[in-house]
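Comments concern the structure below.
The values are calculated or read from the model by the stated rules, or taken from the named source; none is laboratory data. Owing to the predicted nature of the structure, the values given are computational and were not obtained by experimental measurement. Every residue, glycine among them, receives a Cβ derived from its backbone with ideal geometry; neighbour counts consider all protein chains shown. For the accessible areas, the whole protein counts, side chains as well, though only heavy atoms, and no ligand, DNA or RNA atoms are used. Shrake-Rupley method; radii C 1.70, N 1.55, O 1.52, S 1.80 Å.
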Amino acid sequence: MKERLEALRGEALQELQQVDNPQVLNDLRVKYLGKKGALTEILRGMGGLSAEERPIIGQVGNDVRAAIEAVIEEKQAVFQQAETEARLRGETIDVTLPGKALPTGAVHPLNKVAQEIEDIFIGLGYTIAEGPEVETDYYNFEALNLPKNHPARDMQDSFYITEDILMRTQTSPVQVRTMQAMKGKPIKVICPGKVYRRDDDDATHSFQFNQIEGLVIAPNIRMSDLKGTLLQFAQQMFGSQTQIRLRPSFFPFTEPSAEVDVSCAQCGGHGCRMCKQTGWLEILGCGMVHPRVLEMGGYDPKEVSGFAFGMGVERIALLKYGIDDIRHFYTNDLRFLQQFARM
C-alpha cells in the first residue's frame with residue numbers, strides 16, 4: 001500500500017505540473033482528493049492492515065495529501081493572479097475623462113419668483129411676517145373693513161369650515177395680526193403664503209394660489225411713497241426700463257385704491273398679443289390703508305398713515321417667463337420644469 005501511495009503522489013504531481021487552466025485544476029483535485037478520489041480509494045484498504053502498519057501508512061497518506069494540496073494551492077494562486085491582472089487591464093479607468101453628470105433638480109418657478117420678490121423687499125428694508133392659513137372670519141374680513149353681508153365678500157368666496165372659520169382668501173389677515181402685535185409702532189412687512197378661493201380652474205385661475213402682500217405704517221406715509229416703492233420693485237423684477245401706471249380701483253381696506261400695470265416687456269409698451277395691444281400688463285392692487293382698518297389694528301389714523309399692496313406670485317411668474325397657463329405650475333410635467341433647471 002505504501003508503494004501505491006508513492007506512485008499516486010508521483011502521478012498526481014506530474015499531472016498537476018502540466019495544468020494550464022483553473023477548470024482542469026479543479027478536475028484533478030476531485031480526481032485525487034475527492035470523496036471518491038484515488039487517494040480515498042487506497043486508504044479504504046487500511047482496515048486490512050496490522051496495528052503496527054496502520055500508523056505508518058496513515059502518515060504516508062497524509063504526506064501524499066499535503067503534497068498534492070500544496071501544488072494545487074500554488075497553481076490556484078497563479079491563476080488568481082493572472083485573472084486579477086487581466087481584469088485590471090480590461091477595467092482600467094481613465095481618470096482624465098469627464099465624469100457622468102447626475103441629473104439635478106431646480107427650484108420650482110413659483111418658489112424662485114417668490115424668493116426674488118422677498119429678496120427685493122428685504123433689500124428695501126422690509127421684514128417677513130407669516131400667519132395661519134386657516135383663519136377666523138374676523139381677521140379675514142371684518143378687521144379689513146368687510147363686515148358680514150358686505151357685497152365685496154362675493155369676490156373672495158372661500159372654503160368654510162364653520163360659519164366663523166375658513167381657509168384664508170388673502171394674506172391680509174397677517175397684516176392685521178402684525179398691527180395688533182406691534183401696538184402702534186411703525187410697520188414695514190411683507191406677508192407671503194398660500195391663499196384659497198372658490199374659483200374654477202382655468203388658464204388664469206386656481207382655487208389655491210400664492211400671494212405676497214406688503215404693509216407700511218408710520219407718520220407721514222404718502223401715496224408717492226407707495227408709487228416709488230412699486231416702481232422700484234417693478235424695475236428690479238422686470239428690468240430697469242419698466243414703467244408703471246396706477247389706475248383708480250376699489251378695495252374695502254384701502255382708500256384711495258389703485259390697480260398697478262407694468263409696461264409690457266415683450267413689446268416695450270407699443271402693443272402686442274401678450275398685452276392685448278395695450279402696451280400694459282396688470283400685476284397687483286394697492287392703496288392707502290383705510291382709516292377704519294388702522295383703528296381696528298390699534299393705530300390712530302390722525303397720527304399715522306400707511307399703504308398696502310398685494311400681488312399673486314403666479315401672476316408675476318406668468319408675466320416674467322411668458323407662460324400662458326397657470327396650470328403648468330401644478331401638473332408636475334418634467335418637460336416644463338426642466339426649462340427652469342437651465343436658468
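Alpha carbon centre of segment 108-124 versus segment 153-199: separation in Å?
Each part reduced to its Cα centre gives a spacing of 20 Å.
Cα to Cα, under 24 Å, and not fewer than 8 places away if on the same chain: which lysines meet these conditions relative to residue 276?
Leaving aside lysines fewer than 8 places away in the same chain, those within reach of residue 276 are 320.
Given Cα pairs under 8 Å that are at least 6 residues apart, what percent is the relative contact order of segment 1-148?
Answer for segment 1-148 is 21 percent.
Within the chain, which cysteines find no other Cys whose Cβ is under 4.7 angstrom from their own?
Within the chain, the cysteines lacking a partner Cβ under 4.7 Å are 191, 286.
In terms of the Cα gyration tensor, with a ≥ b ≥ c the square roots of its eigenvalues, is segment 161-273 rounded because a/c is under 1.5, prolate because a/b exceeds b/c, or oblate?
It is oblate, given that a/c is not under 1.5 and a/b is not larger than b/c.
Can you work out the accessible area per residue across segment 91-163, with the rest of the protein chains kept in place, probe 1.4 Å, in square angstrom?
For segment 91-163, the solvent-accessible area averages 67 Å² per residue.
Figure the gain on full extension for residue 76 and residue 302 (residue separation times 0.36 nm, minus the Cα-Cα span) and round it to one decimal in nm.
71.5 nm
Percent relative contact order of the chain, based on C-alpha pairs within less than 8 angstrom and at least six residues apart?
Relative contact order, the chain: 15 percent.
What are the semi-axes of the equivalent ellipsoid for segment 1-132, taken as the square roots of 5 times the Cα gyration tensor eigenvalues, largest first, in whole Å?
One finds semi-axes of 77, 21, 11 Å for segment 1-132.
Taking 0.36 nm per intervening residue step and subtracting the Cα-Cα distance, what contour gain separates residue 266 from residue 62 on full extension?
Length difference between fully extended and current span is 64.0 nm.
Suppose R0 equals 25 Å. What FRET efficiency, 1/(1 + (r/R0)^6) with r the Cβ-Cβ distance, do residue 339 and residue 119 give to the nearest 0.05?
So the FRET efficiency works out to roughly 0.70.
Calculate, in whole percent, how much of the Cα-Cα pair population of the chain lies beyond 28 Å.
Cα-Cα pairs in the chain separated by more than 28 Å: 61 percent.
Quantify, in whole percent, the carbon and sulfur part of the accessible surface of segment 86-164 (1.4 Å probe; protein heavy atoms only).
Within segment 86-164, the accessible surface is 57 percent carbon and sulfur.
Kindly give Rg over Rh for segment 271-343, based on alpha-carbon atoms, with the Kirkwood expression for the hydrodynamic radius.
With Rg and the Kirkwood Rh in hand, the quotient comes to 1.20.
Sum -39500 (n - 2.57) across every DSSP H segment of at least 4 residues in the chain, then divide by the residue count to get the 222 nm mean residue ellipticity, nearest 500.
Taking each H run of at least 4 residues, the total per residue is -13000 deg cm²/dmol.
Straight-line reach from residue 194: which lysines have Cα under 19 Å away, leaving out those fewer than 8 places along the same chain?
Cα-Cα hits under 19 Å: 112.
Would you be so kind as to identify which of 21, 310, 268 lies farthest towards the positive end of the dipole of the chain, taking Lys and Arg as +1 and Asp and Glu as -1 on Cβ and the Cα centre as origin?
268
In whole percent, what relative contact order does segment 106-183 give with Cα contacts below 8 Å and a gap of six or more residues?
After rounding, I find 32 percent.
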